[in-house]
Amino acid sequence: MSLPDNQLSFSQEFPRRITVLRFPLLLLIIAIHASHGTQLPELEPNSFFNSVFWRLFSHSAVPFYFLISGVFVTFKLGDMESLSCRIFYRKRFFSLLVPYLLWNSIMAVPHLVLPLLFRHSPLLPAAKFPKYELWDVLLRTYGLNGELPINVPLWFVRNLMLFCILAPFLVAPLRKLPVWATLLIALALDLVPPFSGLSYFFLGMLLGLRKPDLGWVDQGGLLWLGLAAALPWLMTLAPKCQFVTIDGNSLRWTMFCFFSALFFFAAGGWLLKAGRFILSWLTRLGDGTFFVFCLHAPVATTLTRIFIHLAGNRVSPTWLFLLNIVLTTFLCYLVYGALQRFASPLFAMLNGSRPSRRTLDLDSQTPPRT
């Protein structure tokens, strides 16, 4: 059955929405690390801003990123006749492994050198290398010792690489499993995860294979955001139920991420209805999201230490938090543009050889390249 002229299939609509969502989602990720060390004494610990929009809502962008990755990986693997596993792994080598090694190697240098040059400086982060033995440094740098990598947010890339290795072997079982069984497996993986994010990547692969009609998501609109925001408060009404936190794995957190994902997808539909000027900037800024994601944490945490050192208690921590997001975003995109223009070979490796999307075709009915 053919689709109406104004309705796109899942494989057409999903990439368009994600294209305009990349930058807004990046801001949520930056907010996570811009908040480190920044307290909000004028707000209650369990206040609406503090717990829902700062801690929970921003963190829910991470599972959504895994879901997005699962969808796009499945698009790539959907036609194995045109894409062999060898080609798939080769592309993941350059888009994930090479940047992972480079960014962590770059990050290790200041952590090794600066503590030796400036001892006990309040502007320096906590020591990452208690021992300066080569093997310990390598394990700690790349997160191979059970800890996070030296560039902390890149645990996402590390886990995603593992999921991509498994992905070709999951396509056939996911095609055969009934949807209810797949959802139960995903729920089990979320509550008792062998690796963080696996359940959402698993769900993303399910969406990529089934290509469901998600038009009903748009009907919910702000309802999804309201349900997500209300969930932590409603749970406190239950006996012996403390305010929901991001610690641990619970059904409450799973439901929060579920409603947040529905809201993100609906928000993508709203953004597509914005003017072409806004869409062009969202698309351009979206090009740099991987690069900025890899760079933002050291910038944000350094700015936090500088703000605390210079401002102390003279400036509202809320304003410092918001200023940190703005400055971190600006500085990271400044480096992105400079390297892209003046050091293109290095930039290509750091950016995983990702192509630029200068425009977003709002009228085309042809499936986009995924």
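The values are calculated or read from the model by the stated rules, or taken from the named source; none is laboratory data. Since this is a predicted model, take the numbers as computed values, not measurements. Reconstructed Cβ throughout: ideal geometry from the backbone, glycine too, with neighbour counts over all protein chains shown.
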>> Go through region 250-297 and report how many residues are closer than 25 Å to residue 157 by Cβ and of a type in the set (D, E, K, R).
In response: 2
> Among the residues of region 246-262, is there at least one that is at pLDDT below 90, on the phi > 0 side of the Ramachandran plot and out of contact with any strand residue (DSSP E or B) (no Cβ under 7 Å at 6 or more places or on another chain)?
Replying inline: yes
>> Against the definition (assigned to a helix (DSSP H, G or I) and either among the aliphatic types (A, V, I, L, M) or at pLDDT 90 or above (or both)), how does residue 300 come out, yes or no?
In response: yes
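Return the only residue of 305, 341, 284 being of a type in the set (D, E, K, R) and without any contact (Cβ under 8 Å) to a residue 60 or more places away in the chain. Explain how you work it out, then say what you get.
On the way: 305 fails: without any contact (Cβ under 8 Å) to a residue 60 or more places away in the chain; 284 fails: without any contact (Cβ under 8 Å) to a residue 60 or more places away in the chain.
From the options 305, 341, 284, the qualifying one is 341.
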>> Given the criteria aliphatic (A, V, I, L, M), closer than 17 Å to residue 165 by Cα and without any contact (Cβ under 8 Å) to a residue 60 or more places away in the chain, does residue 106 qualify?
In response: no
> Hey, among the residues in region 186-208 that are at pLDDT 90 or above and of a type in the set (A, V, I, L, M, F, W, C), which one's surrounded by the most Cβ atoms within 10 Å (Cβ to Cβ)?
Replying inline: 201
> What is the residue count in region 147-176 for residues that are basic (Lys, Arg) and modelled with pLDDT of 90 or more?
Replying inline: 1
> residue 316 passes all but one of (1) out of contact with any Leu (no Cβ under 7 Å at 6 or more places or on another chain); (2) modelled with pLDDT of 95 or more; (3) hydroxyl-bearing (Ser, Thr, Tyr); which number fails?
Replying inline: (2)
> Limited to region 16-51, what total is found for residues that are more than 16 Å from the chain's Cα centre (by Cα), at pLDDT 60 or above and assigned to a helix (DSSP H, G or I)?
Replying inline: 1
> Are any residues in region 322-370 at pLDDT 90 or above and over 23 Å from residue 33 (Cα atoms), and if so, which ones?
Replying inline: 338, 339, 340, 341, 342, 343, 344, 345, 346, 347, 348, 349
> Considering region 213-245 alone, what residues qualify as being at pLDDT below 70 and not hydrophobic (A, V, I, L, M, F, W, C)?
Replying inline: 232, 236, 239, 240, 242, 245
